[in-house]
1. Just to be sure I understand the filter: pairs with C-beta atoms under 8 Å, separated by 6 or more residues or on different chains, first member in the range 124-146 and touching a residue at least 40 places away in the same chain (Cβ under 8 Å) and open to solvent by 30 Å² or more (accessible area, probe 1.4 Å), second member in a strand (DSSP E or B) and not small (G, A, S). Which pairs pass?
2. Return yes when R72 is open to solvent by 30 Å² or more (accessible area, probe 1.4 Å) and not in a strand (DSSP E or B) and no when it is not.
3. Given the condition farther than 16 Å from P244 by Cβ and touching a His at 6+ places or on another chain (Cβ under 8 Å), answer yes or no: does some residue in the range 51-68 qualify?
4. Testing M227 on (1) in a loop (DSSP other than H, G, I, E, B); (2) open to solvent by less than 60 Å² (accessible area, probe 1.4 Å); (3) not polar (S, T, N, Q), one condition comes back false. Which one is that?
5. Mind checking which residues of the range 37-69 are in a loop (DSSP other than H, G, I, E, B) and either among the polar types (S, T, N, Q) or crowded, with 17+ Cβ neighbours inside 10 Å (or both)?
6. In the range 84-182, which strands (runs of 3 or more DSSP E) lie fully inside it and hold 1 or more residues that are closer than 17 Å to P203 by Cα and β-branched (V, I, T)?
7. Can you pull out every residue in the range 4-18 that is surrounded by fewer than 20 Cβ atoms within 10 Å (Cβ to Cβ) and more than 17 Å from R262 (Cα to Cα)?
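The values are calculated or read from the model by the stated rules, or taken from the named source; none is laboratory data. Given the structure is predicted, the values throughout are model-derived calculations rather than measurements. Glycine also receives a Cβ, built like all others from the backbone with ideal geometry; neighbour counts cover every protein chain displayed. Keep in mind that these areas ignore ligands, DNA and RNA; they rest on the heavy atoms of the full protein, side chains included. Shrake-Rupley method; radii C 1.70, N 1.55, O 1.52, S 1.80 Å.
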Amino acid sequence: MERLVEHLVPDGLWELFRRVVPPTVVQRPQGGGRRRAGDREVLAAIVFVATSGCTWRQLPPVFGARWQTVYRRFAQWSRERVWARLHRVILDELGAQRELDWSRCAIDSVSVRAVKGPLTGPNPTDRGKNGSKIHLICDRNGLPLSVAVSGANSQVLEPLVMGIPPIRSRRGPRRRRPAKLHGDKGYDYDHLRKWLRKRGIVPRIARRGVESSARLGRHRWVVERTMSWLSGCRRLHRRYEQKPEHFIGFTAIAVMRICMRRLGVSAGR
């Protein structure tokens, strides 16, 4: 079990997770009871569910915690936005090591089918079936900077850009605005271009009927690759969670794993 836990939750990820998870105080006035399951083992079980796509009830007992315990801990950490704080801490580490390239960023989205619940809507590309859309902004290297979830029939460029946290730099102040933002024709609106220019961001968005989307492919391919990396988290192939914070939590876990791979490579140089 220890090898599996260390594989799913390496030491570097565990150290960063301990900085963002709130302390837990076990209160048992009556005394006795079972020993509380360790946070690292529970985190490994959550990552296993996210990557394998299994249900909570199918969780194997090798992690030493019952599936009910793992689910309750996941729900608690999702409510407390632990996954978003963990993503921000990892981005700070990447920024401090000069692993983030702000010269060109790209935005894109992908739709998945979903059951009824908040943050869902009719998918215009799937015969109007109910679905959710995952929105993503990545840097020039394909590292996710901001992620959001909405209904399948909407776009959220403004809140996605505003959702980029102030990220630490190796020198100078924190940064949260890219120099250029590339997007496909789905973002071809004049008010979006004006909104970006007002904030000092140069819009590089393909125009409908004027220029081909292939012209921007040499810069936008990185966000397409990042979207394909999200498929490594099988829990995102179809949204089964009716509570939006749970699906957002799985999305943040997938984004966190992408960033951790780059952080692990840079740390091993």
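1. R140/C105
2. Details: open to solvent by 30 Å² or more (accessible area, probe 1.4 Å): yes; not in a strand (DSSP E or B): yes.
Yes, satisfied.
3. Step one: of the range 51-68, the residues farther than 16 Å from P244 by Cβ are 51-68.
From the residues that got through so far, the ones that are touching a His at 6+ places or on another chain (Cβ under 8 Å) too are 53.
Checked against the condition, which is being farther than 16 Å from P244 by Cβ and touching a His at 6+ places or on another chain (Cβ under 8 Å), the range 51-68 yields at least one hit.
4. Among (1) in a loop (DSSP other than H, G, I, E, B); (2) open to solvent by less than 60 Å² (accessible area, probe 1.4 Å); (3) not polar (S, T, N, Q), M227 violates only (1).
5. The answer is T55, L59, A65.
6. Working: elements: 105-113, 130-138, 144-151.
Ranges flagged: 105-113, 130-138.
7. Correct list: L4, E6, R18.
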